[in-house]
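Working notes, structure below.
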Amino acid sequence: MRRNDRRRFHGACIMALALSLAAGASLSAQTTAAMQDAVRTDPKEFPQWAKDIRRFDIITFGAFPFAFFTASLLTDSIRWSQSGGDMTYAPWPLKGAGAYDPSTEEKMRTIGIAVGISLFVAAADFVVIQIRRYHEKKKKARMPENQPVIIREPLHTGQNGADAEE
């Protein structure tokens, strides 16, 4: 490549980079306050059941990687113990070259187990949240109306119960 060709190539690269930066800056400048206000939502807009479904969804997908790791480790360990400790069937941390490769059916079973575990975790979370809401609702119903709630806390106590200023 000649020297002039290199300069043209580098110049073209710099020009393309500058144009892409300018295009990105112009696109970001087009967002207005009205568009940003349209995106913001009030949490009170959504009913509680929609929030619960979203929480269930997030927990299910969040628990899946951990559930998949656990399920694959368990299925590999069970296969290894059923083979009598043959190192060909060893679970992941002990696998070596020429280790057993599970069939598609076994892989799908492991994924199914992981989905089941993550759904169980999300369902358990849902039950705990419902129980907590029930107890909070019951507690609010027991509180007499128009009664101030007084919480007394000690003022600046030190390690020995003495004032911190002393």
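The values are calculated or read from the model by the stated rules, or taken from the named source; none is laboratory data. None of the values given here were measured: they were computed from a predicted structure. Neighbour counts run over all protein chains shown; Cβ positions are idealised from the backbone, glycine included.
Residue count for the stretch 89-126 under the criterion of being surrounded by 14 or more Cβ atoms within 10 Å (Cβ to Cβ) and either under 15 Å from F64 (Cβ atoms) or in contact with a strand residue (DSSP E or B) (Cβ under 7 Å, 6 or more places away or on another chain) (or both): the result is 11. Taking V121 as meeting all but one of (1) in a loop (DSSP other than H, G, I, E, B); (2) among the aliphatic types (A, V, I, L, M); (3) at pLDDT 85 or above, write down the number of the exception. Checking V121 against (1) in a loop (DSSP other than H, G, I, E, B); (2) among the aliphatic types (A, V, I, L, M); (3) at pLDDT 85 or above, the one that fails is (1). Is it the case that the stretch 84-107 has a residue that's in a helix (DSSP H, G or I), over 30 Å from F126 (Cα atoms), β-branched (V, I, T) and at pLDDT 85 or above? Yes: the stretch 84-107 contains one or more residues that are in a helix (DSSP H, G or I), over 30 Å from F126 (Cα atoms), β-branched (V, I, T) and at pLDDT 85 or above. Taking residues in the stretch 147-163 that are on the phi > 0 side of the Ramachandran plot and modelled with pLDDT under 70, and partners anywhere that are part of a loop (DSSP other than H, G, I, E, B) and of a type outside the set (V, I, T), the pairs with Cβ atoms closer than 9 Å and at least 6 places apart or on different chains are G161/P154. Being in contact with a helix residue (DSSP H, G or I) (Cβ under 8 Å, 6 or more places away or on another chain) and of a type in the set (G, A, S) holds for only one residue in G98, G84, and it is G98. Being over 30 Å from Q48 (Cα atoms) and more than 18 Å from the chain's Cα centre (by Cα) is a property that R109 has.
Checked against (1) touching a residue at least 60 places away in the same chain (Cβ under 8 Å); (2) among the hydrophobic types (A, V, I, L, M, F, W, C); (3) exposed (fewer than 11 other Cβ atoms within 10 Å of the Cβ), I129 passes all but a single condition, namely (3). Residue-level analysis places I78 among those that are among the aliphatic types (A, V, I, L, M), over 30 Å from I129 (Cα atoms) and not in a loop (DSSP other than H, G, I, E, B).
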